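For reference, the structure discussed in these notes is given below.
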Amino acid sequence: MLNNVQPSVWIILLNWNGWRDTVECIASLDTLETNNLDTKLVVIDNGSTDDSVARITERYPSLELLKSDLDLGAAGGFNIAIRKAMEENVDYVWLLNNDAIATPMALVELVKDAESDARIGVAASVSYYQDAPQKIQAWGGGWISFLTGRAGHYRGTVDEQKLQYFTGASALLRCAALKSVGLLDEKRFFMYWEDGDLSFRMRNSGWRLHVSPKSHVFHGEYAEEGRKSSPLVDLWYCESGVRFFRRHAPFPAYTIGVFLLNQLRRKILFRNPPGFRAVLKGAWLGLTRKEHAHV
């Protein structure tokens, strides 16, 4: 540790109509090692329309559950708890997807690495697929190409200098870094690309992105590629992607163009007319509105 005082950490889960995953994730934290860290678990219910609040409260009546009347998206939902943590001068917030299962040493390893260098703004876990637990889903984060308009996770050990964004499955954020660069941008990114945007803002301000190789989580995404997404997911992904490239690409018009061509080509290849239309609508919203349409 950088000092003799144990750092404080809020463990933050975001729930939206997914109480079964959330309850399972909380249960995995029962075996979490903390090594006397000052920890607190907080769950945000992001405007669920099912019985999530009742189900979670029934199972964990003493849990701090923050409720939003509206679905604020990933960035807006997490920011509810992040703001409260920062008001209470918490050192770190651990953003953990509610469909992730943490291994016992996941948090301790993140904090140990973050405390080894005050320049680390984010320490991310290595995530594995739940249905293929020997297969790496992401080595903490990934890459974004402004030349091809593509992005992807690293699937194995990679030099930290190549890490361009952290993945939100399991990431420990230093609150001092968030005070410096700002929170997740909930105005521009309702869903997707918000972690990439924060990563670029941190890197541009001199903060390091770090992967903790001994911190592991098992994430609920499937190992098999090529699953069909819904038109709404396509819309959100492209709307946010366009906004990301507008902000960060050296030549935004070029990168947005190749990004959209890639997305449209995939919809044609898989004969997905609703997805094709959703890509076009998302692109239009991302180009014509400064903020996302759901605010």
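Only the coordinates and a few stated rules stand behind these numbers; no lab work does. Just so it is clear, the model here is predicted, and its values are computed rather than measured. Heads up, the Cβs are rebuilt from the backbone with ideal geometry, glycines too, and the neighbour counts pull from every protein chain shown.
Summary table
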| read-out | value |
| --- | --- |
| In degrees, nearest ten, helix 273-288 long axis to first principal axis of the chain (Cα) | 80 degrees |
| Other-chain or far-sequence residues with amide H under 5 Å of Ile11's (modelled H) | Lys40, Leu41, Val42, Trp94 |
| Reachable lysines from Lys281, criterion Cα separation under 16 angstrom, eight or more residues apart if same chain | Lys267, Lys290 |
| Least to most buried among Thr255, Thr157 (fewest other Cβ within 10 Å first) | Thr157, Thr255 |
| Degrees, to the nearest 10: 252-269 long Cα axis against longest axis of the chain | 80 degrees |
| Sequence-distant lysines (8 or more away, or on other chains) whose Cα lies within less than 19 Å of Lys112 | Lys40, Lys214 |
| Cα-based helix-to-principal-axis angle, 106-115 vs the chain, degrees rounded to 10 | 90 degrees |
| Amide H contacts under 5 Å for Val211, placed H, 5+ residues apart | Ala124 |
| Loop chymotrypsin sites (Phe, Trp or Tyr not before Pro), region 190-263 (other Cβ atoms within 10 Å of the site Cβ: 13 or fewer; DSSP) | Tyr222 |
